[in-house]
Amino acid sequence: MQPLRPDDPRQVGAYALEGRLGAGGMGEVFLGVSPGGRRVAVKLIRAEFAADARFRSRFAREIEAARKVGGFHTAQVVDADPEAASPWMVTAFVPGPSLRQVILHQGPLPPDEVRRLGAGLAEGLKAIHDSGLVHRDLKPGNVIMSPDGPRIIDFGIARAADATSLTSAGVVVGTFSFMSPEQVCAEETGPPGDVFSLGCVLTYAATGRGPFDAPTIPAIVHRITSGPPTLDGLTGDLRDLVAACLAKDPAHRPTVPQVIERLTAPLPQGVPSVAPVPPLAPVPPLAPPGGAKRAPGGVSRRAVLIGGATAAAVAAVGVPAAVLLWPESGSAGQDGVPATPLGTPVATSLPNTAVDMLQLAFSPDGRRLTGVAFDQIWTWDLATGKGRSTDFGLDDWQRPYALSSDGRVAAAAARNAPVTVRDAVTGKPLGALPADAKPLTTALSPDGRLLAYLGQDTSLAIWDVAAKKVVKTVPNAVRSTMSRLLFSPDGRDVLVCEGGIRHVRVADRPVRGATRGVPSPAREIGASVTAVSPDGSTLASAASSGDYTISLGPPDDPDHRKLSGGHRGQITSLAFSPDGGMLVSGGEDGAICLWHVQYARQIAAVSGDPKKVECVTFAPDGQSFASGGGSGVTRIWTFPAH
């Protein structure tokens, strides 16, 4: 759950609002409290849609759909006012992660759990169809894994079997990857369409991917209408049933009662049936292998995976996927940091003068973004989107660059000139290294007060920016001139990265401006890219050449996991989210990939820049990140509300 924004209402009808649960197709959803103290979900239609008669009609239909299904199969509608200036609906609150979240966090479900899931969803669909409705948007994000079994949510595009033109044939609605052939062709869609979607959902639950996944929507549509499903990972009678659900011809698909019968039939060879209720199983948190603390009083990140067949046959109506408290909700992560949402981020380009940013950093409050370019420093006010530049007045700045993780201090050198340290916001010079110091690589402490650098003789020096003197020297600190330097988030240690990590203590107490993240330094020619998780438990690195993979694991463990398949070119930048659960990578192929740290799997990939991605960095709250690219465009990537 996220806090209310300044412009959010504090009261809807008789219900006091406590926080934001997210956004659905028509409006926003809030966590509310009834006068009697019960927690409810309050769905409020957006003001810009309130005057639209079609939206009002759709909202009123959603309310009626919820009331028709009723009882055990719904998140009960407790109140509504479709005629209000801003129409609203209140339902019982349904906690729990979505099926999509469960699969992203723990991977595919075993066959017996897929059968239990299918039985619960099919029985929920039966209740929907018995009420004269067709859901038309059954997908993993619309399945809540609640404590008493899976629930089908979001009837925003449901239609009655005798629906009029508002939702009849000729209108394509739903999520393409899980649509039936008749639906993507905008033809009449009935209960067999929901059976097709159920087959897609069960495939996703069993394999972690949809049966018709493809890179583009046209390719997905072609596969749904003309191609065979990909069912690798499904076996036996479960595979046969799913294949039957995915028949192109609606008449050849089993009915929902037939699906229930096949899923609840006794299994051969001692496989348990769906009748017994299994033990409750928690969903693992979005956290690094080293573990993370949960803030006191934070929202629990435990949720039931699969309920028994009897309890599983429930369907919640009218509450969009925003009711999920974890992780999209921003529940507490490491040391109280909001959990970074899973999903595909959306980009907003910041105004600049086509300057290629080499490093980026957010201010501690997340309101300012600072970028270091070849001969300029840019700062953007993220509340207004306005940016301004400071010209350092140095010709042909050279690597190495450094930017403090609070975005206040920058360091770099012109050709044949010493490294200069400047205030990154004002451009004011703060000092310069001795002329004979020719660093191989540099790093700034989180508050910019200390500059660490490797000399040509592989010694490590710590330079006090304010005192303008070296305060510590470590001879022969590294074995290779390709070693990397990073400061720890608390500023106490310099992290020497060369295969593993070695800590060099520079302060006994955390420095002012200590941060939750360690930014990836600007890439040196021929050197690897390295990032360290906020709690220091995980090292991510990518070599300057090779198979374009990322090594991920504990700093002192050489047997790291490999993240592969995300990039088709050299990886140029890495950054951990503040909660440590997500890693973002950028590459020379222009791609940005998001990786789940604990399960070492890709979450999403986006086109970051037409030329290449130079740098990435997370905002302090973990809800967005920034990227700079070779095309000179700097972007803010925001995870959409669910």
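Computed from the coordinates by the stated procedures, all read-outs in this text should not be read as laboratory data. Since the structure is predicted, the reported quantities are computational estimates derived from the model, not experimental observations. Cβ placement follows ideal geometry from the backbone for every residue including glycine, while neighbour counts extend to all protein chains displayed.
The H on the amide N of Val419, modeled in the peptide plane, is under 5 Å from the matching H of Leu433, each at least 5 residues off or on a different chain. Dividing the convex hull volume of the alpha-carbon atoms in the range 572-619 by its residue count gives 62 Å³ per residue. Partner lysines whose Cα lies under 27 Å from the Cα of Lys611, excluding those fewer than 8 positions away in the same chain, are identified as Lys386, Lys562.
With the simple spin-label model, which puts each label point 7 Å out from Cα in the Cβ direction, the Ala265 to Asp213 separation comes to 3.0 nm.
Rounded to the nearest Hz, the phi-derived 3J(HN,Hα) couplings of the range 440-448 under the Karplus curve 6.51 cos²θ - 1.76 cosθ + 1.60 (θ = phi - 60°) are 7, 7, 9, 7, 9, 5, x, 9, x, where x marks glycine and proline.
Here the Karplus relation 6.51 cos²θ - 1.76 cosθ + 1.60, evaluated at θ = phi - 60°, turns the backbone of the range 218-228 into coupling constants of x, 5, 4, 4, 4, 5, 5, 7, 10, x, x Hz, with x for every Gly and Pro.
Listed by chain and number, the lysines whose C-alpha is less than 24 Å from the C-alpha of Lys469, apart from same-chain residues fewer than 8 away, are Lys428, Lys438.
For Lys612, nonlocal amide neighbours, meaning residues 5 or more places apart or on other chains whose placed amide H falls under 5 Å from its own, are Gly630, Ser631. Taking a straight line from the alpha carbon of Lys68, these lysines sit under 20 Å away, with near neighbours fewer than eight places off in the same chain left out: Lys43, Lys126. At an R0 of 60 angstrom, the distance between the Cβ atoms of Arg10 and Asp391 translates into a FRET efficiency of 0.80. Compared with the alpha-carbon gap, the fully stretched path from Ala383 to Glu187 is longer by 66.1 nm at 0.36 nm per residue. For the range 102-112, backbone phi angles converted through the Karplus equation (6.51, -1.76, 1.60; θ = phi - 60°) give residue-by-residue couplings of 4, 5, 5, 8, 10, x, x, 7, x, x, 5 Hz, Gly and Pro being listed as x. Counted residue by residue at 0.36 nm each, then reduced by the alpha carbon distance between them, the extension gain from Ala47 to Asn476 reaches 148.0 nm.
Taking all C-alpha pairs of the range 11-92, those more than 16 Å from each other amount to 48 percent.
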